[in-house]
Amino acid sequence: MRTGFTLIAAVVLCMGAPQALADDGACAGQPDLAQLIKHLDAPKAAERDAAIKALGKHGEGAVAALSRVLKNGSPLAKTGASRALALIGEKAAAALPDLIVLLKHKDSEVRSAAASALGPIGSVEPLDALMGALRDESEDVADAAAKSLSSLGLQYDAVIEALLARVSGAEEEPAFAMLALSRIGAPAVRTLRDRLGEVEADALPRLLDVLGMMGPDAKDAAPELMELLQHDDRAIVAQVKEVLHSVCPGTDDVFTRLYLELAEGDLEMRTKAAFMLGVTRPYRATTLAALLKAMEDESERVRATSAAALGNLGKLASTAVPRLITAVKDDELTVSRAAADALGMIGCEAPEIAAQLLPLLNDETSVGDLAERAFIGMGGAPVPLLSKSIGDPAVSSRGRSRLMRILSSLGHAGEQVVPTLLSVLESDDLEARNAASRALELTGAAAVGGLSEALSHKDTGVRSIAARTLAAIGQPAEAAGPALGSALRDKEPRVRESAAIALGAIGVKDKKILGALIKALRDKSASVRTATATSLGQHGGADKRVPAALAKLYKDKDVEARSAAIEALGVLGPAAKSQLKILMKVLKNDKEPEVRWRAARSIGQVGEISKRVLSALQGGLMDDFANVRAASATALGELGPGCAALIDNIERLLDDSSPSVRQAAREAIAKLRTGA
């Protein structure tokens, strides 16, 4: 049987071996574009992410296929396609029109992904569309558009001009246009300086806010700001003082004002003051005290903004960690998430705070999940503590599972965590073992030696999961080939099955190991024979022994084993030409429809046309089962014009009761008539 992680490993192999790319951009022996596109709809995020990364590696060669997904795919696939195009970057310019259209899609995640992709492509073409997206009802979409615009603003003055026009002329506060301008930073300052003396009075505060958000990046605007200290409007003068203290050294006046607003202002004023205290530099000791006090505010907006501001303080907010840990338990999700993110930001600079957060991982509620979020936000800083804590009896089973997931997300931690992760494979806690396997997979080549040794472990479960983990690592685990070859002789079927799967994922180059894999086709376990057949189909085309060995399984009593062998012959393509007779026999005589339709498909993949082949597929067109009829029609279409004599037979299927058969017939007829 085929398993999910085999597919992921194959995609990872394609990503990790650019030298294996064929002329059309596909990865030789690995999932082609069609397979990768299909997995943009995969139910598991890991499969989708792997497909997205692999499509990104395909570069310009994948753009046309991804554009078709943008037009016709599901919302999930459109989102994945946009992310892949973002990875491709400038070479994805041909997809710009389709991405722009998606900015109007009803699904906010689709709109957000499209907006995010337009920045990396690096063209000014979508400027108007992105400006429109700044007003999207979804803040995520507006923020994505702002990020793309800020990226484009580093290259194009026209972007800065458009953003300034929006900020200067808006009837209501254009928050995301202001955010985009502030992210551009210094390149936008020159134009901002020129506008300070030109804009209408009601727009000036917004331009000043942008400069204040830039902080020291806007220091070149100081002369113009100084001139505005003579402004007739006292409110403008007060705001200019605040901005000056943000962009260059100043007095305590701006901080005093913000402290007063935080303590006495209305909701909007308190929220803005908390935000400004988090971004106004240089930070002061009194800033921390003011924000800690604001963490007790009755408004969740103020509490959440204050937590985020504490995160911006970084290491300077280390003493606020106990209060932020309390805030992780806040009843309001916006507050608890902001606190978790702040802890992550502080922990990046001050990893010693991780010990204070560790007990929360044992919590059975969402608090434990938020603690996990905080640890992930710290990056690699807490890895030594987490590794040491895995065996701590004070860490519950739930906490240990969270530890494994955190380490999984920090796979770059490398060799320092491998011994600990390997020890967890011996745990009775299945969830922890699976999480450790995932972490070892992300660690990659550094884990291969230890996993190879684990294939000889006395515990069957450890041997099996070690083989599965090597399969997930894929090609970087090539050094484990001899150990996996030996594991094909393990006394336990599930270990032998996992070893066969792993060899398929890694790729078999050694003839001795390939011989062991061929021998495994005679294994007494049907699941082992099935896995072995699939693996040989992936990597055995260069060895003349493989097609004949696979063909011997056509009489196998197990349906899945027969199906896998027949399908593998098709995967081998022309290399399996010598076994066409067997495939035709299976199509005609096998009692299981599942096997017959695979035989029909494999005949098409082998690509050899003869009178006997045409006769066999003609018979398949009349099979009692729809899948067999559809596969036979598809095979004839794939074989091309040489099968045109059977068009009349295929046309009879246009009235078939099965929609899939009718569709296959239409496509086959089109190919045969056009020669495509």
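The values are calculated or read from the model by the stated rules, or taken from the named source; none is laboratory data. This is a predicted model, so every value here is computed, not measured. So basically every Cβ, Gly included, is an ideal-geometry build from the backbone, and we count neighbours across all protein chains shown. What goes into the accessible areas is simple: the full protein's heavy atoms, side chains included, and nothing from ligands, DNA or RNA. Shrake-Rupley method; radii C 1.70, N 1.55, O 1.52, S 1.80 Å.
Taking the structure as given and computing semi-axes √(5λ) of the Cα gyration tensor in Å, which label from (i) 45, 38, 25; (ii) 58, 34, 18; (iii) 44, 33, 20 fits?
Here the calculated entry is (ii).
Hey, any idea what % of the stretch 25-104's accessible area is carbon plus sulfur with a 1.4 Å probe?
Using a 1.4 Å probe with all protein chains present, the stretch 25-104 comes out at 55 percent carbon and sulfur.
Given a 1.4 Å probe, how much area per residue of the chain is accessible, in Å²?
45
Compute the Cα gyration tensor for the stretch 111-178, then decide on rounded, prolate or oblate, letting a ≥ b ≥ c be the square roots of its eigenvalues: rounded whenever a/c is under 1.5, prolate when a/b is larger than b/c in the other cases, and oblate in all that remain.
Since a/c reaches 1.5 but b/c is at least a/b, the shape of the stretch 111-178 is classed as oblate.
Enter the angle in degrees (range 0 to 90, nearest 10) between the Cα long axis of helix 267-279 and the first principal axis of the Cα atoms of the chain, meaning the one along which they spread out most.
80
For the chain, give the magnitude of the charge dipole about the Cα centre (Cβ charges: +1 Lys/Arg, -1 Asp/Glu; no others), in debye to the nearest 20.
Using Cβ point charges on Lys, Arg, Asp and Glu, the chain gives about 4540 debye.
Cα to Cα, under 18 Å, and not fewer than 8 places away if on the same chain: which lysines meet these conditions relative to K458?
Of all the lysines, those that pass the test against K458 - Cα under 18 Å, at least 8 places apart if same chain - are K491.
Grab the other residues whose beta carbon is less than 11 angstrom from that of A340, score K and R as +1, D and E as -1, and report the net.
With Lys, Arg at +1 and Asp, Glu at -1, the neighbours total -1.
Would you mind telling me the share, in percent, of accessible area of the stretch 368-505 contributed by carbon and sulfur at probe 1.4 angstrom?
50
Please list K671, K519, K544, K491 from largest to smallest accessible area, probe radius 1.4 Å, with all protein chains kept in place.
The ordering from most to least exposed comes out as K544, K491, K519, K671.
If one computes the Cα centroid of the stretch 329-396 and of the stretch 646-676, what distance in Å separates the two points?
So the two Cα centres are separated by 59 Å.
To the nearest 20 Debye, how big is the dipole of the stretch 555-621 about its Cα centre, given +1 on the beta carbon of each Lys and Arg and -1 on that of each Asp and Glu?
The dipole magnitude comes to about 360 debye.
If you average the alpha carbon positions of the stretch 127-204 and of the stretch 27-101, how far apart do those two centres end up, in angstrom?
30
Once ligands and nucleic acids are excluded and a 1.4 Å probe is used, how much of K57 is accessible, expressed in Å² to the nearest 10?
Here the accessible area works out near 130 Å².
Is there a pair in K91/K219; K147/K219; K57/K511 whose C-alpha atoms are over 26 Å apart, and which pairs would that be?
Correct reply: K91/K219; K57/K511.
Only helical DSSP H runs with n ≥ 4 go in: add -39500 (n - 2.57) per run for the chain, normalise by residue count and round the 222 nm mean residue ellipticity to 500 deg cm²/dmol.
-20000 deg cm²/dmol
How large is the Kirkwood hydrodynamic radius of the stretch 64-167, in angstrom, based on all distinct alpha carbon pairs?
Taking every pair of different Cα atoms in the stretch 64-167, averaging 1/r and inverting gives 13.1 Å.
If you count, for each residue, the other Cβ atoms within 10 Å and average over each peptide, how do 440-452, 593-605, 314-326, 44-56 line up from highest to lowest?
593-605, 440-452, 44-56, 314-326
Answer with one residue from A471, Y554, P482: the one whose Cα lies farthest towards the positive end of the charge dipole of the stretch 460-556, charges on Cβ with Lys, Arg +1 and Asp, Glu -1.
About the Cα centre, the residue reaching furthest to the positive side is Y554.
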